[in-house]
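Accompanying notes for the structure given below.
The values are calculated or read from the model by the stated rules, or taken from the named source; none is laboratory data. The shown structure was predicted, so the numbers you read here are calculated from the model rather than taken from an experiment. Because the Cβ atoms are built from the backbone with ideal geometry, glycine has one as well, and the counts that use them run over all protein chains shown. Accessible surface is based on the protein model in full, side chains and every heavy atom, while ligands, DNA and RNA are left aside. Shrake-Rupley method; radii C 1.70, N 1.55, O 1.52, S 1.80 Å.
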Amino acid sequence: QVQLVESGGGLVQAGASLRLSCAASGRTSVTYAMGWFRQAPGKEREFVAAISRSGVSTYYADSVKGRFTISRDNAKNTVYLQMNSLKPEDTAVYSCAAKLTIVSPRDQSEYPTWGQGTQVTVSS
């Protein structure tokens, strides 16, 4: 079993940047494909980005493409989400999730393991 802990959220103004981290612990002998999802108040959780186990393949929601970058450091068991040019509509709780393969990266039901989430608030 792997445990995930997110960090790096906060309150920023529109146009600012934040970098979220998702640290894995526990069964880190297995490398997982990872995804970032977000849930805004009153809305359903949505896909943001995903990365394959090797880091070679990445996937993004259209709403963040060109502004957000997902990356990973397998030596540190950590996945990052660099968020630039933040907008008020990016305000949400951001959660990372792990799965064994990158198949169906946008389907949150395919991810069995989730972190608790970190709040990102972007003011206008």
Which whole-number percent is the relative contact order of the chain (Cα, under 8 Å, 6+ apart)? 36 percent
Note down the magnitude of the dipole of the chain about its Cα centre, charges +1 on Lys and Arg C-beta and -1 on Asp and Glu C-beta and zero elsewhere, to the nearest 20 debye. 220 debye
Between the range 26-58 and the range 85-101, the alpha-carbon center distance in angstrom: 8 Å
Of all GluC sites (Glu not before Pro) in the range 1-68, which ones are in loop regions per DSSP and have a Cβ with at most 10 other Cβ atoms within 10 Å? E44
Run the dipole for the range 35-99 about the Cα centre, Lys and Arg Cβ at +1, Asp and Glu Cβ at -1, nothing else charged, and hand back the magnitude in debye, nearest 20. 180 debye
Could you run the Karplus curve 6.51 cos²θ - 1.76 cosθ + 1.60 with θ = phi - 60° over the range 106-113 and give me ³J(HN,Hα) per residue in whole Hz, x for Gly and Pro? 8, 8, 5, 5, 7, 9, x, 10
Cα-Cα pairs in the range 11-99 separated by more than 21 Å, as a whole percent of all pairs, come to 28 percent
Heavy atoms of L20 accessible to a 1.4 Å probe, total area in Å² rounded to 10: 0 Å²
In square angstrom, what is the accessible area per residue of the range 6-63 with a 1.4 angstrom probe? 52 Å²
